[in-house]
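The values are calculated or read from the model by the stated rules, or taken from the named source; none is laboratory data. Just so it is clear, the structure is predicted and the values come from calculations on it, not from any experiment. Here Cβ is always computed from backbone atoms with ideal geometry, including for glycine, and neighbour counts include all displayed protein chains. When the accessible area is computed, the model is the full protein with side chains, heavy atoms only, and any ligands, DNA or RNA have been set aside. Shrake-Rupley method; radii C 1.70, N 1.55, O 1.52, S 1.80 Å.
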Amino acid sequence: MPRMSEAEKQKSHERIIDAAARLFRENGISATSVSDVMQAAGLTQGGFYRHFASKEDLVAAAFERSADELLYKAEGGTAGEKRADYIAKYLSTGHVADPGQGCPFAANGSEVTRLGDCVRSEASDAIKRISAMLNSTEDKTADDGVATLALLVGTITLARLAQSDAEATQIVEAGKVAINRLNEAPLG
């Protein structure tokens, strides 16, 4: 059997991370096996350890990918426009309905607290990156970015617990009101 080129190995590596990022958010980390991820990536389970030392290493990489996807989705020219776009996309019923494409904190935060240092470290780094973008001031040490992120994650988490679409929408709308109060700037 011919050896895989480095370029092919890198493409496989990226497919594994993409599949894991989606599946972990959709199904949970503990409910998603390495076999599930490899199957979704179109690969055999036996090749997993050529890419990752452990499932926790994969979880860390998938968490980083998920957080980066959220940051890249923010559109706008100025920092304020990116921030407003990020918040508007985050606080949507579409985000509530599609955890596989959404925030890793809202989907996996409670599970990450029970995992090892590499995953918790990546989650902590993601909090810092996203909170910095969410700061409403140029002072990157301000706590308003962290407060905004906490409010966003809590809103989506509660909305996903709702028993009806109407209740979920009500929770998302309440989150928008709270964000506006926190930042004293309407989001529209």
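For region 159-178, check the following and say yes or no: at least one residue is of a type in the set (A, V, I, L, M, F, W, C), within 15 Å of residue 70 (Cα to Cα) and modelled with pLDDT of 95 or more. The answer is no, given that none of the residues of region 159-178 is of a type in the set (A, V, I, L, M, F, W, C), within 15 Å of residue 70 (Cα to Cα) and modelled with pLDDT of 95 or more. For residue 103, indicate whether it is farther than 23 Å from residue 182 by Cβ, at pLDDT below 95 and not hydroxyl-bearing (Ser, Thr, Tyr). In short, no. Here's a check for you: in region 52-87, which residue that is over 22 Å from residue 41 (Cα atoms) and of a type in the set (Phe, Trp, Tyr) is least open to solvent (accessible area, probe 1.4 Å)? Looking at the filtered set, the residue picked out is 86. Quick one: in region 31-51, of everything that is in a helix (DSSP H, G or I) and at pLDDT 95 or above, which residue is surrounded by the most Cβ atoms within 10 Å (Cβ to Cβ)? For region 31-51, the residue satisfying everything is 37. Write out, first by first residue and then by second, each pair whose Cβ atoms fall under 9 Å of each other, whose residues are 6+ apart or on separate chains, and whose first residue, in region 62-78, is without any contact (Cβ under 8 Å) to a residue 24 or more places away in the chain while the second is hydroxyl-bearing (Ser, Thr, Tyr). Taking only residues 6 or more apart or on different chains, the pairs are 73/86; 75/86; 76/86. Evaluated against (1) closer than 17 Å to residue 24 by Cα; (2) open to solvent by 60 Å² or more (accessible area, probe 1.4 Å); (3) part of a helix (DSSP H, G or I), residue 182 falls short on exactly one condition, (1).
Against the test of being in contact with a helix residue (DSSP H, G or I) (Cβ under 8 Å, 6 or more places away or on another chain), open to solvent by less than 20 Å² (accessible area, probe 1.4 Å) and either touching a residue at least 40 places away in the same chain (Cβ under 8 Å) or not acidic (Asp, Glu) (or both), the options 102, 109 yield a single qualifying residue, 102. Given the structure, is residue 67 closer than 18 Å to residue 148 by Cβ, out of contact with any helix residue (DSSP H, G or I) (no Cβ under 9 Å at 6 or more places or on another chain), of a type in the set (A, V, I, L, M) and in a helix (DSSP H, G or I)? Judged against the criteria, residue 67 is not a match. Scanning region 8-30 for residues that are within 20 Å of the chain's Cα centre (by Cα), among the polar types (S, T, N, Q) and loosely packed, with under 15 Cβ neighbours inside 10 Å gives a single hit, 30. With respect to the numbered conditions (1) in contact with a Phe, Trp or Tyr (Cβ under 9 Å, 6 or more places away or on another chain); (2) surrounded by 14 or more Cβ atoms within 10 Å (Cβ to Cβ); (3) farther than 17 Å from residue 148 by Cα, which one is the sole condition not fulfilled by residue 127? Status for residue 127: all satisfied but (3).
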